[in-house]
Each structure stands twice: as C-alpha cells, then as structure tokens.
Amino acid sequence: MRQFQHIVEVATRGAGLTEITGDLEQFVAGAGIQTGLVTAFCRHTSCSLLIQENADPDVQRDLLSFFRKLVPEGMDWVIHDAEGPDDMPAHIKSALTQVSVGIPVSGGRPVLGTWQGLYLFEHRARPHRRQVVLHLVGE
C-alpha cells in the first residue's frame, strides 16, 4: 500500500463553484496508483467541497441561488459578524455541505460519473485563496 499527498491551491472569485477535477485527475495519474481511494479535504470553514454535475453551468447557478435563499446575509439573529455580513452565512453553508469527499480510484483514474466533477464551493462574497488537500492511498 502506498500513499501520496498534494495540496491544490484554488483562487476563487467570490461566491460560487470552482471546478478542480483536472487537478484531482492530474494528481492521481502522477501517483501511479491503479486501485485505491483519494480523499479531498478542504482546509477552511467558510467554503466546502461538492461532487456535482459539470456539463450544464445552470446547475452551478441554481445551487448558488438555492444556498443564497436558504442562508441569506442579514439574518438579524446572527452574533458572529466580525468578518462581515457574509461570514456567518458562509459558515452555515459549509456546515450544510461537506469539507471532505472520498473518491474511489480504479484503473489509475478517479471513478467519477460521466457528468460528475469535483468543486470547491466558495461561500464568501470576496475572492479568497483556498487549499484542498488530496490524499491518495492504494496500490
């Protein structure tokens, strides 16, 4: 059994989804692991990871709109606002999604469906630099 790790730096443009499937595929291919499991872990509390459709950009727009309506800025009961009005809603959105995703590896490639991609889901309004740790275990 072998293990590999890599950190993907993701520059976001503000709230929205940034696809990192290419980074994932490149990492797995470079490791030479044929069968295993790759875990993607987001090192932040105001963004998250999603496996989502990567064919129709309307899916991304609809997800962003849904989460904006589900957890809007300006909730008057929110106490944590030291970093701005989008900070606590971003933490809530992150709690509702996930910061870690496991993806099987077979034949030296991540086993994603035809229309699936791995995304960093930025929940803050301003651009940020984010890190996603990829950890691959297999043989």
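Data table
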| item | result |
| --- | --- |
| Segment 78-93 - phi-based ³J(HN,Hα) in whole Hz, Karplus 6.51/-1.76/1.60, Gly and Pro as x | 6, 8, 6, 9, 4, 9, x, x, 8, 5, 5, x, 5, 5, 5, 4 |
| Net lengthening on full extension, Glu25/Arg61 (0.36 nm per residue, minus Cα-Cα) | 10.5 nm |
| Thr114-Glu9 FRET efficiency (beta carbon distance; Förster radius 22 Å; 0.05 resolution) | 0.20 |
| Distance between modelled label sites at Val99 and Arg129, nm, 7 Å Cα→Cβ extension | 2.0 |
| Order of Lys93, Lys69 under a 10 Å beta carbon neighbour criterion, fewest first | Lys69, Lys93 |
| 17 Å cut-off, amide nitrogen to a point 7 angstrom out along Thr39 Cα→Cβ, residues in segment 90-124 | 98-105 |
| MRE, 222 nm, helices only [DSSP H, n ≥ 4, -39500 (n - 2.57), over the chain, to nearest 500] | -8000 deg cm²/dmol |
| For the chain, convex hull volume per residue from C-alpha positions, Å³ | 98 |
| Exposed chymotrypsin sites (Phe, Trp or Tyr not before Pro) absent - longest run of the chain, DSSP non-H/G/I/E/B, at most 11 other C-beta within 10 Å | 1-76 |
| Cα centroid separation, segment 108-139 to segment 1-49 (Å) | 4 |
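No value in this document is a laboratory result; all are computed from the given coordinates. Just so it is clear, the model here is predicted, and its values are computed rather than measured. With ideal geometry, Cβ positions are generated from the backbone for all residues, glycine too; neighbour counts draw on all protein chains shown.
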